[in-house]
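**Q** Structure below; questions to follow.
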Amino acid sequence: MDKYIYVLCAVGGLAFGALGALLTATVSRRSLKTKSDSMVSVMGTNMLRMLIDVAFLACTFLVCRSFKLPLIVTLISVALGLTVFGMLFLKSIVKKLSENNESESDGGE
């Protein structure tokens, strides 16, 4: 049973990281849809995304400490989930936005 708790924590951490990545991708998508090019908007969005990531990692730490779960495996899997799924979600957002921009352009200069 002791081996399976590590696998369970790794899978749960990946799922929790994917949830965090989805939340940060939603923040990024809404920021990109506003088409605000101001430095304050970009910095505010990045700061909010970092705060969400830190909150998810802190929540993972507190849950692992309170339920005596393996901390290192869980933290690494959450960080991996936040990173990998965040990249995938942002890639899909950029692809959708670039398709929209290409359809709106008239093809000439």
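The values are calculated or read from the model by the stated rules, or taken from the named source; none is laboratory data. Being a predicted model, the structure only gives us computed values, none of them experimental. As a convention, Cβ positions derive from the backbone with ideal geometry for all residues, glycine included, and neighbour counts pool all protein chains shown. These accessible areas exclude ligands, DNA and RNA; they are computed on the full protein's heavy atoms, side chains included. Shrake-Rupley method; radii C 1.70, N 1.55, O 1.52, S 1.80 Å.
**Q** Once the Cα atoms of the range 46-92 are picked out, what are the Rg and Dmax in Å?
**A** Expressed in Å, the Cα Rg and Dmax of the range 46-92 come to 11.8, 37.
**Q** Could you give the angle, 0 to 90 degrees to the nearest 10, between helix 71-104's Cα long axis and the longest principal axis of the Cα atoms of the chain?
**A** In the chain, helix 71-104 runs at an angle near 10 degrees to the longest axis.
**Q** Right, another one. Share of the range 2-109's accessible area from carbon and sulfur, percent, 1.4 Å?
**A** On the way: 5430 of 7800 Å².
Roughly 70 percent, rounded to a whole number.
**Q** With every protein chain kept in place and ligands, DNA and RNA left out, what is the accessible area per residue of the chain? Probe 1.4 Å, answer in Å².
**A** Details: 7980 Å² over 109 residues.
It amounts to 73 Å² per residue over the chain.
**Q** Could you give me D for the chain, from Stokes-Einstein at 37 °C and 0.692 mPa s, where the hydrodynamic radius is the Kirkwood radius over C-alpha pairs? Units µm² s⁻¹, please. Could you put the intermediate results ahead of the total?
**A** On the way: Rh = 15.5 Å.
Rounded to a whole number, D works out at 211 µm²/s.
**Q** Once label points are set 7 Å from the Cα along Cα→Cβ at both I72 and M43, what is their separation, rounded to one decimal in nm?
**A** Placing both labels 7 Å along Cα→Cβ, they lie 3.8 nm apart.
**Q** Right, another one. Note down the nm distance, to one decimal, between modelled labels 7 Å out along Cα→Cβ at L97 and at F61.
**A** With each label point 7 Å from Cα toward Cβ, the separation is 3.1 nm.
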